[in-house]
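Colleague: Provided herewith is a single structure, encoded as C-alpha cells, for subsequent inquiry.
Values quoted throughout were computed directly from the atomic coordinates according to the rules given, and no laboratory measurement underlies them. Everything quoted here is computed from the prediction, not taken from an experiment. So basically every Cβ, Gly included, is an ideal-geometry build from the backbone, and we count neighbours across all protein chains shown.
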C-alpha cells in the first residue's frame, strides 16, 4: 500500500500538459540552434568580407585610375553598382548557408530529434524558414550598406561618389540586402526538396549562375526574352540603380525572383509535411 501511495503522489506532482507546441517556442528553438552553430558565424563573416572587400577593391582601383578613364568609361560609370559589385559573389556564400540550414538536419540525423520535439511539421518548417530569413536579411542589409558607404568614401577622392538621396540609390542599397535574403531562401527551399547539401548547392548555383551563361549563347532574338524571366536577372536588377534594356523595372523584375523562391518554398513545405524524415 505504501508503494501505491508513493507512486500516486509522484504522478500527481507532475505538471499538467500545457497544450500544443506553438510557433513562438519553435522560433526560439530555431534561433538558438542557428546561433549556436559555428558555421553560421563563419559563413556570415565570409559573406561580409567578400561583399565589402570586393566593393572596396573595385572602388579603390576605380578612383586610383580615374584620370586615365576614357569618355565612354566615365559616361557609363555607376558609383552605386561599383561599390555593391561584391554582392554578385556574395550570393554564392548565402547559397551555402541557406542549404546547410535545412540539409544539416538530415546529414546529422537531428531531424528525427527535432520532429520528436516538434511533431507539427508545418510549424517546424515555417519557424526554420522565418529564422533564417531574419538572419539573412540582417546580415544582407548590414553588408550592403557598409559596402556602399565604404565605396563612396573611396570614390570621394575623385569627387565621383553618390548619395542615398540620388535617384534609385536607396532602393539599390536596400535591394542588396533583399537580394541576399531571397537568394538564401531559394537555396533553403531547394535544400528541403533534395535533402542533400552538395546537391542543393549545385542546383542553386546552376540555376543562378550557369543557366544565364548558357542563355547568353542562344540567338540574340531569344536571349532578351528569356533573360527577363530568369531568377538571377530579377536578383541582380534590384541592387542595380539602372536596368538593362531587356529588363522590366526593378521591382517587377525582382518579383520574378521572389515568385521562383516562393514556388520552391511551397513545394518544399508540401514535401516536408508528407514524406518520411
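Colleague: For the stretch 38-274, report the % of Cα-Cα distances exceeding 27 Å. Don't skip to the end; give the middle numbers.
Modeller: Details: 10840 of 27966 pairs.
For the stretch 38-274, the share of Cα pairs beyond 27 Å comes to 39 percent.
Colleague: Go through 267-274, 52-59 and give me the packing order, highest mean Cβ count within 10 Å leading. Each step should come with its number before you reach the end.
Modeller: Working: 267-274: 15.0, 52-59: 20.4.
Going by the mean number of other Cβ atoms within 10 Å, highest first, we get 52-59, 267-274.
Colleague: Sort 209-220, 118-129 by packing, meaning the average of other beta carbons within 10 Å per residue, with the highest value first. Could you put the intermediate results ahead of the total?
Modeller: Values: 209-220: 11.6, 118-129: 18.5.
Per-residue mean Cβ counts within 10 Å order the peptides as 118-129, 209-220.
Colleague: Compute the long axis of helix 86-107 from its Cα atoms, compare it with the longest principal axis of the Cα atoms of the chain, and write down the angle in degrees, 0 to 90, nearest 10.
Modeller: Approximately 20 degrees, to the nearest 10.
Colleague: For helix 2-13, report the angle its Cα long axis makes with the longest principal axis of the Cα atoms of the chain; keep it between 0 and 90° and round to the nearest 10°.
Modeller: Rounded to the nearest ten degrees, it is 30.
Colleague: Rounded to the nearest Å, what's the spacing between the alpha carbon centres of the stretch 248-274 and the stretch 74-140? Just the number, please.
Modeller: 14 Å
Colleague: Which order do peptides 200-208, 229-237 fall in by mean Cβ count within 10 Å, highest first? Could you put the intermediate results ahead of the total?
Modeller: On the way: 200-208: 19.9, 229-237: 22.8.
So the peptides 200-208, 229-237, ranked by packing, come out 229-237, 200-208.
Colleague: Could you tell me how many degrees, from 0 to 90 and to the nearest 10, lie between the Cα long axis of helix 250-274 and the main elongation axis, the longest principal axis, of the Cα atoms of the chain?
Modeller: It works out to around 20 degrees.
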